[in-house]
Amino acid sequence: MRNAPTILHLDMDAFFASVEQASKPSLRGKAVVVGGLGPRGVVATASYEARVFGVHSAMPMGQARRLAPNAAYLVPRFGLYRSISEQVMGLLRGLSPLVEPLSLDEAFVDLEAGAVAWDAASAQLVGERLRADIRAVTGLSGSVGLAASKMLAKIASEQAKPDGLVLIEPGTERAMLGPMTVRTLPGVGPATGDHLRRAGITTVDEIAEAGEDELVRLLGKAHGHALYAMALAHDERPVVAEREAKSVSVEDTYDVDIHDRLRVGMEVQRLADRCVRRLRGAGLSGRTIVLKVRRYDFSTLTRSETLRGPTDDPAVVREAAARLLDSVDTTGGVRLLGVGVTGLADYTQEDLFAQAAAGAEGAAGSSAEEDVAEPVTEQEAVAERRWPAGHDVRHAQYGHGWVQGSGLGRVTVRFETPGAPGPGRVRTFRVDDPELEPAEPLPLVPGGSVDGVRA
Ligand SMILES: [Mg+2]
């Protein structure tokens with residue numbers, strides 16, 4: 001491990017919800033929940049105001065509505081989130097060639113490789129300047145962790161939240177980690193946490209005291225070794241650029257379209273097994289399972305689900321692929337099927353027990369916010385086709401606004417724009433009002449850009 005805190009972890013604060021609050025003045029300081037609004041929807045991100053009520057990411061939307069009935073419930077605007085993510089990642093790439101994105105709003109940066117920091121003081125300066133630059137460019141806040149390893153940099157950014165910076169001085173890691181709960185360590189989910197607790201281990205110090213042999217006995221060889229090393233703050237994993245691009249996938253084209261739903265299901269299971277064999281063959285694991293379906297009319301759909309942690313377990317991949325298939329209409333026939341795993345990790349220290357349990361409950365959860373599978377919106381597009389809550393509209397007379405809600409043939413729009421000093425006015429229209437049409441999001445910062453188009 002290096003002896004300077006030059007690995008930086010950036011995590012944007014409540015990213016999707018913060019974007020919505022920044023673009024909708026009436027939602028500033030209010031509880032905002034972004035996610036799938038249909039019957040199977042889950043929370044992608046809750047604003048800090050909504051978290052006070054106990055709402056968190058990956059929670060079923062129905063439960064969130066019971067906990068926070070007065071929050072604003074919005075359908076994600078992934079196009080806008082992606083363009084803001086590009087701006088943030090661009091700032092990170094200005095610091096170092098070694099930037100490893102983990103999701104739209106989270107990344108590791110090796111500051112030493114970029115020759116911008118070499119000790120605690122220079123790293124602290126870079127981190128503070130980065131936070132200021134992110135605010136200037138996007139109008140949003142991000143939290144920064146700095147440490148001598150990836151694991152500790154991520155723990156530091158978690159401590160820094162929201163809107164802060166924490167630097168862990170090399171040499172102080174073990175003393176800091178010691179009293180923390182075992183759940184702080186990556187790869188320790190609820191099930192592994194319970195398993196350790198039954199063995200009398202609740203803190204990181206107790207893992208170190210138990211010793212490596214005991215950990216291996218409790219958790220198996222790979223997980224036991226990895227966890228013991230992390231408890232001693234040993235983490236040599238390098239920052240790897242552009243890991244997200246890596247994926248393993250397999251697909252089959254059929255000579256004759258498959259019509260039988262059972263047969264489609266069996267083919268998907270077979271492809272999932274083949275995909276896992278290739279994954280394991282390469283010594284990899286991944287978090288996001290992707291299903292690809294090309295239908296009789298050559299329309300191609302992809303569905304994805306992001307798990308709580310990386311997996312290379314065939315049962316987990318098979319179950320996820322089957323869940324994804326549930327959301328695809330295959331009547332009419334299928335000419336191609338594919339299964340892939342992306343978000344690959346170079347080590348497997350997942351919580352297999354938790355993963356399997358989550359799968360059994362049918363919960364497509366993810367521990368990190370903002371990682372919810374994108375097709376949540378696609379699945380619900382039918383019900384909310386024209387006026388999804390939170391999406392942008394333009395009215396010929398009243399200008400730019402967003403959909404506050406719709407139903408019973410009416411759509412309620414709040415007319416306000418990102419830079420406005422206060423909430424805008426609300427008006428209700430018939431859903432087929434010819435003067436109302438869907439619009440593109442406006443940039444959050446005046447003069448900023450969306451999708452590279454300057455406003
Ligand atoms: Mg975040």
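Numbers for the structure displayed
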| quantity | calculated |
| --- | --- |
| Selected residue [aliphatic (A, V, I, L, M) and either touching a Cys at 6+ places or on another chain (Cβ under 9 Å) or under 21 Å from Ala132 (Cα atoms) (or both)] from Ala22, Ala64, Ala31, Ala4 | Ala22 |
| Hits in the stretch 268-286 - residues which are touching a residue at least 40 places away in the same chain (Cβ under 8 Å) and either touching an Asp or Glu at 6+ places or on another chain (Cβ under 7 Å) or aliphatic (A, V, I, L, M) (or both) | Val268, Leu271, Ala272, Val276, Leu279, Leu284, Ser285 |
| Where a residue in the stretch 431-445 is under 10 Å from Val411 (Cα atoms) and its partner, wherever it lies, is assigned to a loop (DSSP other than H, G, I, E, B), with Cβ under 7 Å and at least six apart | Val431/Arg386; Val431/Trp387; Val431/Gly409 |
| 1 or more residues within 14 Å of the ligand (Cβ to nearest atom) and buried (at least 18 other Cβ atoms within 10 Å of the Cβ): qualifying helices (runs of 4 or more DSSP H) within the stretch 134-204 | 150-160 |
| Residues of the stretch 44-67 classified as surrounded by fewer than 23 Cβ atoms within 10 Å (Cβ to Cβ) and outside any helix (DSSP H, G or I), total | 7 |
| Count - residues of the stretch 68-84 that are of a type in the set (Ser, Thr, Tyr) and touching a strand residue (DSSP E or B) at 6+ places or on another chain (Cβ under 8 Å) | 2 |
| Selection from the stretch 78-110 of residues that are within 14 Å of the ligand (Cβ to nearest atom) and aromatic (Phe, Trp, Tyr) | Tyr81, Phe108 |
| Hits in the stretch 263-283 (condition: charged (D, E, K, R) and under 27 Å from the mean Cα position of the chain (by Cα)) | Asp273, Arg274, Arg277, Arg278, Arg280 |
| Condition check for Arg318: part of a strand (DSSP E or B) and crowded, with 17+ Cβ neighbours inside 10 Å | no |
| Matching option when the condition is surrounded by fewer than 22 Cβ atoms within 10 Å (Cβ to Cβ) and either touching a Ser or Thr at 6+ places or on another chain (Cβ under 7 Å) or in the same structural domain as Arg308 (by TED's automatic domain parsing) (or both), among Ala123, Ala113 | Ala113 |
| Residue within the stretch 21-37 that is assigned to a helix (DSSP H, G or I) and closer than 30 Å to Val116 by Cβ present | yes |
| Subset of the stretch 278-303 [crowded, with 21+ Cβ neighbours inside 10 Å and either outside the structural domain of Val334 (by TED's automatic domain parsing) or closer than 26 Å to Val188 by Cα (or both)] | Leu279, Ser285, Gly286, Arg287, Thr288, Ile289, Val290 |
| Filtered residues of the stretch 1-20 (kept if within 14 Å of the ligand (Cβ to nearest atom), assigned to a loop (DSSP other than H, G, I, E, B) and buried (at least 24 other Cβ atoms within 10 Å of the Cβ)) | Ala14 |
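So that you can scan it fast, the table gives a plain yes or no per residue for (1) in contact (Cβ under 8 Å) with a residue 12 or more places away in the chain; (2) in contact with an Asp or Glu (Cβ under 8 Å, 6 or more places away or on another chain):
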| residue | (1), (2) |
| --- | --- |
| Lys150 | yes, yes |
| Ser157 | yes, yes |
| Ile168 | yes, no |
| Arg174 | yes, no |
| Gly178 | yes, yes |
| Leu185 | yes, no |
| Asp194 | no, no |
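The values are calculated or read from the model by the stated rules, or taken from the named source; none is laboratory data. Small disclaimer: the values here were computed from a predicted structure and weren't measured. Reconstructed Cβ throughout: ideal geometry from the backbone, glycine too, with neighbour counts over all protein chains shown.
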